[in-house]
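The values are calculated or read from the model by the stated rules, or taken from the named source; none is laboratory data. From a predicted model like this one, the values you see are computed outputs, not experimental measurements. Don't worry about glycine lacking a Cβ; one is built from the backbone with ideal geometry, like all the others, and counts go over all protein chains shown. Quick note on the areas: whole protein, heavy atoms, side chains included, nothing else; ligands and nucleic acids left out. Shrake-Rupley method; radii C 1.70, N 1.55, O 1.52, S 1.80 Å.
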Amino acid sequence: ASFPMQVPLPLPLLFLQVIKCKAAVMWEANKPFSIEEVEVAPPKAHEVRIKILATGICRSDDHVVTGALVMPFPIILGHEAAGVVESVGEGVTSVKPGDKVIPLFVPQCGECSACLNTKGNMCIKNDIGSAAGLMADGTSRFTCKGKVIHHFVGTSTFTEYTVVHENAVAKIDSAAPLEKVCLIGCGFSTGYGAALQTAKVEAGSTCAVFGLGGVGLSVIMGCKAAGASRIIAVDINSDKFAKAKELGATDCINPKDFKEPIYKVLTEMTGSGVDYSFEVIGRIETMNAALASCHYNYGVSVMVGVPPAAQKITFDPMLLFSGRTWKGSVFGGWKSKDSVPKLVADYMKKKFVLDPLITHTLPFAKINEGFDLLRTGK
């Protein structure tokens with residue numbers, strides 16, 4: 001059901017006001033989030049101010065807290081959300097006040113080499129690689145206690161209001177339940193697309209998925225949707241196996257139950273390795289294990305988890321020389337502005353489920369409890 005919105009007529013841009021609202025500010029690494037009153041500036045040209053109504057917690061946010069993903073502090077994290085457009089800056093044409101939207105941490109400018117190529121989705125306008133933590137003009141729209149607060153990957157959703165570039169927001173079905181489809185902003189799309197878009201899993205194939213968090217479970221859903229005949233779920237937390245099976249895993253294995261390396265276990269289970277393997281954790285050791293567990297000649301291994309900063313990977317080059325393919329996947333390979341509305345439409349048509357990915361629903365003030373649940377595997 002949609003909720004009634006009294007949509008005001010757009011005011012002349014000079015009347016757009018600074019909004020004071022609550023946000024979870026991360027002042028420094030390895031400290032709890034602090035709920036603060038922040039000032040959110042009006043959107044500039046080609047920018048959109050959004051009232052955030054639901055946001056998910058993703059391991060990538062926690063990577064910034066721990067320093068595994070290096071970003072400037074202080075910062076407002078969060079990148080998996082849904083909300084309603086509050087106001088728009090000059091020149092914005094794709095959304096208007098009152099529209100239901102999902103912010104996009106991978107933007108789609110439609111003009112760069114990645115946007116123009118059918119095989120690419122990593123728009124040059126993203127702030128994942130540079131980690132500047134600022135809008136396109138080099139400034140922030142957030143202040144708190146007189147200090148400039150950085151943006152996170154162009155989205156910053158742990159706040160009641162945020163400002164994003166028009167390239168980084170997608171209008172969605174007004175009837176979509178925002179507390180569910182917010183997951184299409186990252187976790188679900190990232191995993192589901194890694195199987196369908198990046199790996200292009202075929203019917204009848206064998207897959208292994210390392211890591212059974214929300215993204216790993218979404219990979220399983222993608223493998224099942226593609227018609228994989230065997231989907232082997234791998235995690236050191238056996239509590240996650242029931243849900244993995246519910247969503248399509250045919251086998252569940254815990255590396256702690258075996259003396260030999262997990263890639264050998266998977267090779268023995270399948271005869272010569274899996275057709276497709278997915279590393280959905282972001283650990284160097286499991287990236288190597290996932291590569292070694294896929295077929296020595298035509299296996300494809302996809303990195304889905306964010307790799308830790310300042311760590312390098314060492315591997316036997318014979319693993320690739322024999323024919324394997326090693327790939328990365330950001331946001332499941334989807335072109336964001338084009339694909340997010342279609343994925344929401346598919347959800348509304350019941351082509352996939354999101355409820356099993358939602359373990360807890362908490363009020364915003366309990367964000368630190370939410371991160372505790374993430375860190376304890378719950």
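At-a-glance table
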item	result
Restricting the stretch 127-141 to residues that are under 18 Å from the mean Cα position of the chain (by Cα) and under 16 Å from residue 103 (Cα atoms), the residue that is least open to solvent (accessible area, probe 1.4 Å)	133
Any hit, the stretch 193-208, residues being within 12 Å of residue 280 (Cα to Cα), part of a helix (DSSP H, G or I) and touching a helix residue (DSSP H, G or I) at 6+ places or on another chain (Cβ under 8 Å)	yes
Unique residue being within 23 Å of residue 118 (Cβ to Cβ), in the same structural domain as residue 86 (by the TED database) and either modelled with pLDDT of 95 or more or open to solvent by 10 Å² or more (accessible area, probe 1.4 Å) (or both) when the list is 176, 168, 194	168
Selection count where residues are open to solvent by 50 Å² or more (accessible area, probe 1.4 Å) and not in a loop (DSSP other than H, G, I, E, B), scope the stretch 304-319	1
Pair list, Cβ under 7 Å, 6 or more apart: the stretch 278-291 residue open to solvent by 20 Å² or more (accessible area, probe 1.4 Å), other residue among the acidic types (Asp, Glu)	286/279
Count of residues meeting criterion [among the acidic types (Asp, Glu) and open to solvent by 40 Å² or more (accessible area, probe 1.4 Å)] in the stretch 38-61	1
Test: residue in the stretch 280-288 that is under 21 Å from residue 188 (Cα atoms), touching a helix residue (DSSP H, G or I) at 6+ places or on another chain (Cβ under 9 Å), among the hydrophobic types (A, V, I, L, M, F, W, C) and assigned by the TED database to the domain that holds residue 308	yes
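A quick yes/no check of all residues on (1) under 30 Å from residue 34 (Cβ atoms); (2) open to solvent by 70 Å² or more (accessible area, probe 1.4 Å); (3) without any contact (Cβ under 8 Å) to a residue 12 or more places away in the chain; (4) in a strand (DSSP E or B):
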residue	(1), (2), (3), (4)
267	no, no, no, no
301	no, no, no, yes
339	no, no, no, no
346	no, no, yes, no
361	yes, yes, no, no
